[in-house]
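Scroll down for the structure; my scribbles are underneath it.
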Amino acid sequence: MIRVEGVDAGYGKLQVLFDINFVAKPGEITAVLGPNGSGKSTLLKAIFGIAKVYRGSIYIHGEDITRLPTHERARRGVAYVSQVRNVFASLTVLENLRMAAYQLSQAEFEKRLDEVLYIVPLRETLRRPANELSGGWRQLVAIGMALVRRATVFMLDEPTAQLAPKMAEEVMAVVKKLRDAGYTVVLVEQNVRKALEVADQVYLLVSGRVHWRGTPEELLKEKELGRIYLGLAAQ
């Protein structure tokens, strides 16, 4: 699981997050919502070691990783899937997956590949170059790459942005499969309705602070919050 305690974070001298307390549990999808510029992506980057943490602590599976470099966090099972530039475009899908599993033997990789393909529907694309795939399929390849290297924590940064509705549904179906397989999933998503359909817990960030937390059902009852910060029309 992920636990963030009293974190201030940002880039250089630019502080973006203020006193963030955050928990994401295994077997759950934790959605991080909020207006543009509220610090949603910065929270993921702070957990992954890309943004600078000025104060506070970050724990993964109970271990304090606050001062660990990004590659050490990845070795501990943390995966950050960005919206763009998340695959090796000149390689095939299979080669991308093999690159992610460079530490595994061929036999281990083949066994792991079967497990990955059970969750991510990439079998029909394995021989295709990644640069021939749509943005949605590249998102799925990136998730598959994290799975093949045995990630346990998946942080997905706007995975359905600019995708056609059918492809967005495909991506969200995989996100739900990750949750159902027991992984910890943190989802930053601009499509609020879609996020609330799949989330178990929700954090609302406003101006770099946690403004509200609870379940999707509870958030939908907070009509004023939804209207002001998330663009949800009153029902």
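The values are calculated or read from the model by the stated rules, or taken from the named source; none is laboratory data. From a predicted model like this one, the values you see are computed outputs, not experimental measurements. No Cβ is skipped: glycine too gets one built from the backbone with ideal geometry, and neighbour counts run over all protein chains shown. Just so you know, the surface numbers come from the protein's heavy atoms only, side chains and all, with ligands and any DNA or RNA stripped out. Shrake-Rupley method; radii C 1.70, N 1.55, O 1.52, S 1.80 Å.
Worth pointing out:
- Test for Ser90: is it open to solvent by 70 Å² or more (accessible area, probe 1.4 Å) and among the hydroxyl-bearing types (Ser, Thr, Tyr): yes
- Those residues of the stretch 154-174 which are in contact with a strand residue (DSSP E or B) (Cβ under 6 Å, 6 or more places away or on another chain) and either surrounded by 24 or more Cβ atoms within 10 Å (Cβ to Cβ) or more than 26 Å from Lys25 (Cα to Cα) (or both), in sequence order: Phe154, Met155, Leu156
- Selection status of Gly226, under 29 Å from Ile143 (Cα atoms) and of a type in the set (Gly, Ala, Ser): no
- Residue check for Val141: in contact with a Lys or Arg (Cβ under 6 Å, 6 or more places away or on another chain), open to solvent by less than 20 Å² (accessible area, probe 1.4 Å) and modelled with pLDDT of 95 or more: no
- Where Leu94 falls short, out of the listed (1) in contact with a Leu (Cβ under 6 Å, 6 or more places away or on another chain); (2) under 25 Å from Ala161 (Cβ atoms): (2)
- Failed criterion for Asp180 (all others in (1) modelled with pLDDT of 95 or more; (2) under 30 Å from Gln106 (Cβ atoms); (3) open to solvent by less than 10 Å² (accessible area, probe 1.4 Å) hold): (3)
- Filter pass, Leu187 being under 30 Å from Ala74 (Cβ atoms) and touching a strand residue (DSSP E or B) at 6+ places or on another chain (Cβ under 9 Å): yes
- Contact annotation: residue pairs with Cβ atoms under 6 Å, 6 or more positions apart or on different chains, pairing a residue in the stretch 148-160 that is touching a residue at least 24 places away in the same chain (Cβ under 8 Å) with a partner that is charged (D, E, K, R) and open to solvent by 10 Å² or more (accessible area, probe 1.4 Å), are Val148/Arg112.
- Matching residues in the stretch 58-87 - criterion: being outside any loop (DSSP other than H, G, I, E, B), open to solvent by 30 Å² or more (accessible area, probe 1.4 Å) and farther than 19 Å from Gly136 by Cα: Tyr59, Glu63, Asp64, Thr70, His71, Glu72, Arg75
- Every residue from the stretch 19-38 that is surrounded by fewer than 18 Cβ atoms within 10 Å (Cβ to Cβ) and in contact with a Lys or Arg (Cβ under 6 Å, 6 or more places away or on another chain): Val23
- Ser41 under 22 Å from Asp200 (Cα atoms) and either open to solvent by 20 Å² or more (accessible area, probe 1.4 Å) or in a loop (DSSP other than H, G, I, E, B) (or both): yes
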